[in-house]
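The values are calculated or read from the model by the stated rules, or taken from the named source; none is laboratory data. Here the structure is a predicted model, which is why all the values come from computation and not from measurement. Counting neighbours? That spans all protein chains shown, and the Cβs are built from the backbone with ideal geometry, glycine included.
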């Protein structure tokens with residue numbers, strides 16, 4: 001099948017495009033949020049191909065994977081067909097609800113034209129999905145090509161934008177772990193983390209940010225640390241080391 005999906009979450013998309021289909025990933029000249037194209041720090045197979053909005057209009061698409069509400073209108077504009085009506089559509093929800101959790105309605109609630117897919121049973125339960133059909137598909141994992149050695153007496157965290165997102169990413173928990181062992185933080189937007197912790201009243205912590213390493217390099221470094229910490233509050237508990245590393 002030809003599957004259209006936007007490159008939104010690098011790790012999840014990396015696992016997804018390792019399937020047996022052909023994956024059409026929109027690319028725009030500015031490589032902005034709706035045209036990021038193929039990943040440049042993750043290894044993607046050749047069946048994940050970049051495609052321009054202009055070429056999409058003349059391409060057969062068998063399925064649209066949606067991850068943001070605005071992608072429905074964008075797909076209709078670029079394809080000339082309405083997702084869910086003229087071409088099958090699945091909406092993947094990666095996140096937990098925010099705000100008044102028991103009463104948080106999902107933006108795709110009460111629709112009969114798509115399947116709403118959550119990545120954990122917790123999310124499916126706590127979102128108000130209305131009458132929309134739902135299912136749960138756990139995040140897929142491409143096993144890292146490294147083995148854990150734990151040779152460095154340091155702790156590792158993988159997260160994105162811990163300064164801006166703070167409690168969501170568990171940044172407020174980092175000082176208590178940095179008091180046990182030096183903390184290496186990998187991901188996007190981590191370079192300013194030591195200064196942000198100092199400004200928050202935690203000066204001199206042994207915290208080092210490693211900004212957006214290629215996935216294979218990050219995996220190799222994680223495997224050398226004594227332990228991996230999963231601090232994000234937006235995912236459910238029980239994440240294994242191998243899942244966290246991808």
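Only one of 158, 163, 141, 136 is over 24 Å from residue 188 (Cβ atoms) and in contact with a helix residue (DSSP H, G or I) (Cβ under 7 Å, 6 or more places away or on another chain); which? The conditions single out 136. Within the range 200-234, the residues that satisfy the criterion of being part of a loop (DSSP other than H, G, I, E, B) and under 18 Å from the mean Cα position of the chain (by Cα) are 212, 213, 214, 230, 231, 232, 233, 234. Filtered by the rule that a residue be under 21 Å from residue 153 (Cα atoms), touching a helix residue (DSSP H, G or I) at 6+ places or on another chain (Cβ under 9 Å) and assigned to a helix (DSSP H, G or I), the range 185-199 gives a lone residue, 193.
A single member of 25, 17, 3 is touching a strand residue (DSSP E or B) at 6+ places or on another chain (Cβ under 6 Å) and farther than 22 Å from residue 81 by Cα, and it is 17. Of the listed requirements (1) farther than 26 Å from residue 19 by Cβ; (2) assigned by TED's automatic domain parsing to the domain that holds residue 44; (3) exposed (fewer than 13 other Cβ atoms within 10 Å of the Cβ), residue 121 misses just one: (1). Residues that are at positive phi and either part of a loop (DSSP other than H, G, I, E, B) or surrounded by fewer than 19 Cβ atoms within 10 Å (Cβ to Cβ) (or both) do occur in the range 81-91, at least one of them. When we screen 61, 25 for residues that are assigned to a loop (DSSP other than H, G, I, E, B) and crowded, with 19+ Cβ neighbours inside 10 Å, the only hit is 61.
Listed conditions (1) part of a strand (DSSP E or B); (2) surrounded by 14 or more Cβ atoms within 10 Å (Cβ to Cβ) are all met by residue 148, apart from (1).
Residue-by-condition table, conditions (1) outside any loop (DSSP other than H, G, I, E, B); (2) in the same structural domain as residue 216 (by TED's automatic domain parsing); (3) in contact (Cβ under 8 Å) with a residue 60 or more places away in the chain; (4) touching a strand residue (DSSP E or B) at 6+ places or on another chain (Cβ under 8 Å):
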| residue | (1), (2), (3), (4) |
| --- | --- |
| 43 | no, no, yes, no |
| 55 | yes, no, no, no |
| 69 | no, no, no, no |
| 78 | yes, no, no, yes |
| 96 | no, no, yes, no |
| 108 | no, no, no, yes |
